[in-house]
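Quick notes on the structure that follows.
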Amino acid sequence: MVTIPISASTPYDVVLDNQDRWIDSVDWSRYSMLWVVTDKHVESLYGESFRSTLKLTHPHVVSSVVEAGDASKSLSQLEQLVAEGLRHGCDRQTLIVAFGGGMIGDLAGFLASVYMRGVPYIQVPTTILAHDSAVGGKVAVNHPLAKNAIGSFYQPSGVYYNVTRLNTLSVQEVRSGLGELLKHAYLSRYVLESSFEDDLFLDLNENEPLDWVSWLARGIRVKQAIVEKDEREQGIRAWLNFGHTFGHALESVEAYRIPHGEAVLHGMVFAFLVSGDEVRAMQLFDWMRSNNVTPIDWQPFDRYVEKMIRDKKNRHGAIRFVLLRETITVESVQLEHLQQTFEQMKGWWER
């Protein structure tokens, strides 16, 4: 078991384990009710057994189940959840339990931030990808025009991983999770005492199961180092958006056919090419190809620009990218350079 304390406006621990020992450490008597929010996929795998375990610690456990997929991160779904909470009798002492992947964490966390002006919540991630989204307190739903456009900063009371639940992830879900882990590996040379970029690629190329407790902890420590210095994204927290400018645009243009982490992988290749780092761009591209990352259904460049101009990092209408150079920079990039990069990356995939 690994415990990582996060220093934030509301401090909390991230616990990674191969079982649910964390349940014995929570003071459940503080809460009038436990409200589990999950999706249909996680519900079919773990819902009944997880709720049964919670009922051993608390007499009042209710649940809400939404459709799996990013379409559930919407204001209409949020309104339905509020109605369910009111019907269940959930009050301001209710604890919301976000049980699922990144979509559930974002949705249930945002629900917690607005339900009765704010109730506590915990994250119980079931995916690799969620090691990024569950930590740091960013919660949101999507708008039809932009991903995560409606959101807030709202810290959980704890993040509790049982990595044995990762065993049921599909190959595509594992690849998607590795997208965010690789992002943290690239950032590690700038924010930790030593980089784990090369170590992660060595482990990935061994084709052996990864030690998820160890690797997720390493990724989370990168995020910890950044969010503890910039909780509300006034500066360096933007670094965590490496690969996300083109990645988010790609997700939207593809109507979320490409999972978030895979979109970030494409986005990191794009960002490396923007910065002129073809060596790392090609290393990542080759790994993606050899691991059958979902290819892009290429659309006209203007469609991606339409999405990128709504990115939250932009200033005065200029599209900005997080770029990894000698230091990390957040730079405005001219459309002409972005189109050249787009054509170069498209050519790599089509050859």
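Using the Cα gyration tensor of the stretch 1-121, with a ≥ b ≥ c the square roots of its eigenvalues, what is the shape: rounded (a/c below 1.5), prolate (a/b larger than b/c) or oblate (neither)?
The shape class here is rounded.
For the chain, the dipole from Cβ point charges (+1 on Lys and Arg, -1 on Asp and Glu) about the Cα centre works out to 920 debye, to the nearest 20. Heavy atoms of the protein chains alone define the surface here; on that basis the chain has 43 Å² accessible area per residue at 1.4 Å probe size.
Using a 1.4 angstrom probe with every protein chain in place, what is the largest-first accessible-area order of Met103, Met308?
Working: Met103 25, Met308 0 Å².
Accessible-area ranking of Met103, Met308, largest first: Met103, Met308.
Note: relative contact order over the chain, using C-alpha pairs below 8 Å and six or more positions apart, is 14 percent.
Heavy-atom accessible surface of Asp13, to the nearest 10 Å², is about 70 Å², with a 1.4 Å probe and all protein chains retained. Need the C-alpha centroid separation for the stretch 241-303 versus the stretch 58-109, integer Å. Result: 31 Å between the Cα centres.
Relative to the Cα centre, what is the charge dipole magnitude of the stretch 1-150, using +1 at the beta carbon of each Lys and Arg, -1 at the beta carbon of each Asp and Glu, and rounding to the nearest 20 debye?
On the way: 11 positive and 15 negative charges, 64 e Å.
For the stretch 1-150, the charge dipole is close to 300 debye.
Global size of the stretch 54-205: 16.9, 52 Å for Rg and Dmax (C-alpha atoms, Rg to one decimal, Dmax whole). Per-residue surface analysis assigns Phe153 an accessible area of about 60 Å², computed on protein heavy atoms at 1.4 Å probe radius. Cross-link partners for Lys223 among the aspartates and glutamates, with Cα-Cα distance under 16 Å and sequence neighbours closer than 8 places in the same chain left out: Asp13, Asp132, Glu180, Glu193, Glu197, Glu231, Glu233.
Partner lysines whose Cα lies under 20 Å from the Cα of Lys73, excluding those fewer than 8 positions away in the same chain, are identified as Lys40, Lys138, Lys147, Lys307, Lys312. Relative to the longest principal axis of the Cα atoms of the chain, the long axis of helix 171-191 lies at roughly 70 degrees. Surface composition of the chain: carbon plus sulfur atoms hold 48% of the accessible area, using a 1.4 angstrom probe and ignoring ligands, DNA and RNA. The stretch between Leu75 and Lys312, if pulled fully straight at 0.36 nm per residue, gains 83.4 nm over its current Cα-Cα span.
For the chain, the longest stretch holding no GluC sites (Glu not before Pro) located in a DSSP loop with at most 10 other Cβ atoms within 10 Å is which? Numbers along the way, then the final one.
Values: sites that count: Glu193, Glu206, Glu326.
In the chain, the maximal stretch lacking such sites is 1-192.
Just so you know, the averaged projected area of the alpha carbon convex hull for the chain sits at 16.6 nm². Amide H to amide H, with H built 1.01 Å from N, Gly100 comes under 5 Å of Val124, Thr126, counting only residues 5 or more places away or on other chains. Solvent-accessible surface (1.4 Å probe) assigned to Arg310 amounts to roughly 90 Å².
The values are calculated or read from the model by the stated rules, or taken from the named source; none is laboratory data. Because the structure is a prediction, the values reported are computed rather than measured. No Cβ is skipped: glycine too gets one built from the backbone with ideal geometry, and neighbour counts run over all protein chains shown. In case anyone asks, the SASA skips ligands and DNA or RNA and just uses the protein heavy atoms, side chains included. Shrake-Rupley method; radii C 1.70, N 1.55, O 1.52, S 1.80 Å.
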